[in-house]
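*Asks:* This is the structure, below, for whatever I ask next.
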Amino acid sequence: MKLIELIKLFFFETLSFLLLAIIVMCGGAGTLWASADSRVTLARSENQSNILNFFKDIDAEWGGYIRVRGDASRPDDESFYQLVGTGTYYDGSAEGRLKNRLYFGTSAYFDAHYEIVLSGGDTRRKGKKLEKLFPALSQNGFLAGGQVDDDRRLMDLTKTIEDYDNYTLYHRLDRLSFTLQPKWCVVRIGRQAVTWGNGLLFNPMDLFNPFAPTDTAREYKIGDDMISTQFPVERLGDVQFLYVPRRNPSNGDVEEDQSSLAGKLHFARGTTEFDIMAAKHFKDEVVGIGGTGYLGNAAWRLDATWTFLDKKSDESDFLSLVANIDYSWVWWEKNFYGFVEGFYSGLGDDHYSVTRTDPDIVERLDRGELFTLGRYYLAGHIKVELHPLVNVFFTVINNITDPSGILQPRLTWDVMQDVQLICGGNLFYGGRETEYGGFKVPGANSLNKAPDNVYLWLTYFF
């Protein structure tokens, strides 16, 4: 399919959803008005009047964005991409998100987010070749992931429109939830996103679709199908519960050992806030405690979780810990902001070739809960406001045992009120047999090493 045809299809799907939503919201009320006729009975007129009053009480908010991305990367000549040819890989994508919130008075609202994504390029094409030659690379997570799927989620709200070796086009509903908020609680049912924990890059307490430490686009987490509640407890704080039913990808059935049930208590003592969490997450049990407070003009955060692994696992129960401190200041009449964060993963191991075959690690990598292989990490971040519309960011994530890591420079420019340009890169460093410098793939004469890359994003918000 030619590029122009793909672009037409991408925007046609987006506009089709928009028109459908408008028809549902506006056409329904218009039909009711048009059907009012002097010949109808009094009872029917009263019913229509009640329905019309109901529609009058509904307020709608619309928003979203359209984003195009360009990316250039260069796989290492010793990586497994050598088997299909290295060099400079060029990739691109276009995505749109349409958001709607319907307010039903002051105590209820409905959220729906529709997104459509077109992506492809050399990385996908080469990856598909590798997958055909060596299926184990994909099964063990050595190849970059593809599109978002709903194999584990309760509702399948993702559909692939086109899927070829060099590109994919799919659309999905990333939010679809109804919220009730009387004075004494908040109850939300449906596809939504919940964030727990106080980590800035690493977040072991956030069990439900956390961001990867290397993610730079953090406007929206991937939604999960769940029921969540939050209510205050007098003289104590507030309590939050959630239940996430999930399907077993192998048979499609909702199973207890694939689902999550969790609760969290949040309370404050003076200027320090605390969180206590307990969860049954997949086959494991997790408990956690966290806190936030102030040290002078700086803010600190600390979270710790202890995971009791399923008894059938060969691993021992393990601790995960994150701590950070951030601070903002002014230098040379410019606004600065920075933080330092440390992370410990009790599940990690410094023998990286072994970890990629460890079922407990591979399972968490596949579920998007774990993003590192080692144990000890130190990260830093700094932001400089060069101009109210131009900001420069620099992040470093370092495995302090190797050492190896990733450097992430980034610049954002608000070109216009609703248009933002972002350019940046991901640069990996470290020697052989380190996590980020590259390590031997078991059973192959290749290195597992992420390629350096640079990118350019242009986003229009509406």
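The values are calculated or read from the model by the stated rules, or taken from the named source; none is laboratory data. Just so you know, these numbers come straight off a predicted model, no measurement behind them. All Cβ positions, glycine included, derive from the backbone under ideal geometry; neighbour counts span all protein chains shown.
*Asks:* Within the range 392-422, take every residue that is farther than 23 Å from S79 by Cα and touching a Pro at 6+ places or on another chain (Cβ under 9 Å) and give me the one that is surrounded by the fewest Cβ atoms within 10 Å (Cβ to Cβ).
*Replies:* My answer is D414.
*Asks:* Mind listing whichever residues of the range 127-143 are part of a helix (DSSP H, G or I) and either at pLDDT below 60 or out of contact with any Ser or Thr (no Cβ under 6 Å at 6 or more places or on another chain) (or both)?
*Replies:* Step one: filter the range 127-143 for residues part of a helix (DSSP H, G or I), giving 127-133, 135-139.
Within the range 127-143, G127, K128, K129, L130, K132, L133, P135, A136, L137, S138, Q139 qualify.
*Asks:* Going residue by residue through the range 244-251, is there one that turns out to be part of a strand (DSSP E or B), surrounded by fewer than 18 Cβ atoms within 10 Å (Cβ to Cβ) and either polar (S, T, N, Q) or modelled with pLDDT of 95 or more (or both)? Steps first, please.
*Replies:* Restricting attention to the range 244-251, the residues satisfying the condition of being part of a strand (DSSP E or B) are 244, 246-247.
Remaining after also requiring surrounded by fewer than 18 Cβ atoms within 10 Å (Cβ to Cβ): none.
No, every residue in the range 244-251 fails to be part of a strand (DSSP E or B), surrounded by fewer than 18 Cβ atoms within 10 Å (Cβ to Cβ) and either polar (S, T, N, Q) or modelled with pLDDT of 95 or more (or both).
*Asks:* Working only within the range 90-104, note down all residues that are under 25 Å from the mean Cα position of the chain (by Cα) and either of a type outside the set (S, T, N, Q) or under 18 Å from N453 (Cβ atoms) (or both).
*Replies:* Matches in the range 90-104: Y90, D91, G92, S93, A94, E95, G96, R97, L98, K99, R101, L102.
*Asks:* I've got another one for you. Of all residues in the range 332-359, which are acidic (D, E) and either under 26 Å from G223 (Cβ atoms) or at pLDDT 90 or above (or both)? Break it down stepwise before answering.
*Replies:* Filtering the range 332-359 down to residues acidic (D, E) leaves 333, 341, 349-350, 358.
If the condition is that a residue be acidic (D, E) and either under 26 Å from G223 (Cβ atoms) or at pLDDT 90 or above (or both), then E333, E341 are the ones that fit.
*Asks:* Among the residues of the range 300-353 satisfying the criterion of being part of a strand (DSSP E or B) and either under 17 Å from L365 (Cβ atoms) or of a type in the set (D, E) (or both), which is farthest from the chain's Cα centre (by Cα)?
*Replies:* The initial filter retains those residues of the range 300-353 that are part of a strand (DSSP E or B), namely 300-308, 318-331, 334-345.
This time we only want the ones that are either under 17 Å from L365 (Cβ atoms) or of a type in the set (D, E) (or both), so: 303, 307, 318, 320, 326, 341, 343, 345.
Values: D303: 20, T307: 22, F318: 24, S320: 20, D326: 23, E341: 20, F343: 20, S345: 20 Å.
Within the range 300-353, the match that is farthest from the chain's Cα centre (by Cα) is F318.
*Asks:* Only residues that are under 30 Å from T355 (Cα atoms) and loosely packed, with under 15 Cβ neighbours inside 10 Å: list them for the range 314-335, please.
*Replies:* Of everything in the range 314-335, those that are under 30 Å from T355 (Cα atoms) and loosely packed, with under 15 Cβ neighbours inside 10 Å turn out to be D314, S316, D317, L319.
*Asks:* For L389, are the conditions met, namely being in contact with an Asp or Glu (Cβ under 6 Å, 6 or more places away or on another chain) and within 22 Å of S328 (Cα to Cα)?
*Replies:* On the way: in contact with an Asp or Glu (Cβ under 6 Å, 6 or more places away or on another chain): yes; within 22 Å of S328 (Cα to Cα): yes.
Spelling it out, L389 is indeed in contact with an Asp or Glu (Cβ under 6 Å, 6 or more places away or on another chain) and within 22 Å of S328 (Cα to Cα).
*Asks:* Looking at (1) in contact with a Ser or Thr (Cβ under 7 Å, 6 or more places away or on another chain); (2) touching a residue at least 60 places away in the same chain (Cβ under 8 Å), which one does V244 not meet, given that it meets all the others?
*Replies:* In the conditions (1) in contact with a Ser or Thr (Cβ under 7 Å, 6 or more places away or on another chain); (2) touching a residue at least 60 places away in the same chain (Cβ under 8 Å), V244 misses (2) alone.
*Asks:* Sort out which residues of the range 403-433 are more than 25 Å from G70 (Cβ to Cβ) and touching a residue at least 40 places away in the same chain (Cβ under 8 Å), and write them in order of number.
*Replies:* E433, the sole residue that qualifies.
*Asks:* Name the one entry in T214, T229, T195 that is under 22 Å from G290 (Cβ atoms), among the β-branched types (V, I, T) and not in a strand (DSSP E or B). Walk me through it before giving the result.
*Replies:* Values: T214 fails: under 22 Å from G290 (Cβ atoms); T229 fails: not in a strand (DSSP E or B).
So the residue among T214, T229, T195 that is under 22 Å from G290 (Cβ atoms), among the β-branched types (V, I, T) and not in a strand (DSSP E or B) is T195.
*Asks:* Moving on to the next point. Yes or no: R364 surrounded by 15 or more Cβ atoms within 10 Å (Cβ to Cβ), over 23 Å from P442 (Cα atoms), in the same structural domain as P249 (by TED's automatic domain parsing) and basic (K, R)? Don't jump to the end; show me each part of the working.
*Replies:* Details: surrounded by 15 or more Cβ atoms within 10 Å (Cβ to Cβ): yes; over 23 Å from P442 (Cα atoms): no; in the same structural domain as P249 (by TED's automatic domain parsing): yes; basic (K, R): yes.
For R364, the condition - surrounded by 15 or more Cβ atoms within 10 Å (Cβ to Cβ), over 23 Å from P442 (Cα atoms), in the same structural domain as P249 (by TED's automatic domain parsing) and basic (K, R) - is not met.
*Asks:* With (1) modelled with pLDDT under 95; (2) touching a helix residue (DSSP H, G or I) at 6+ places or on another chain (Cβ under 6 Å) as the list, and H171 as the residue in question, which single condition is left unmet?
*Replies:* (1)
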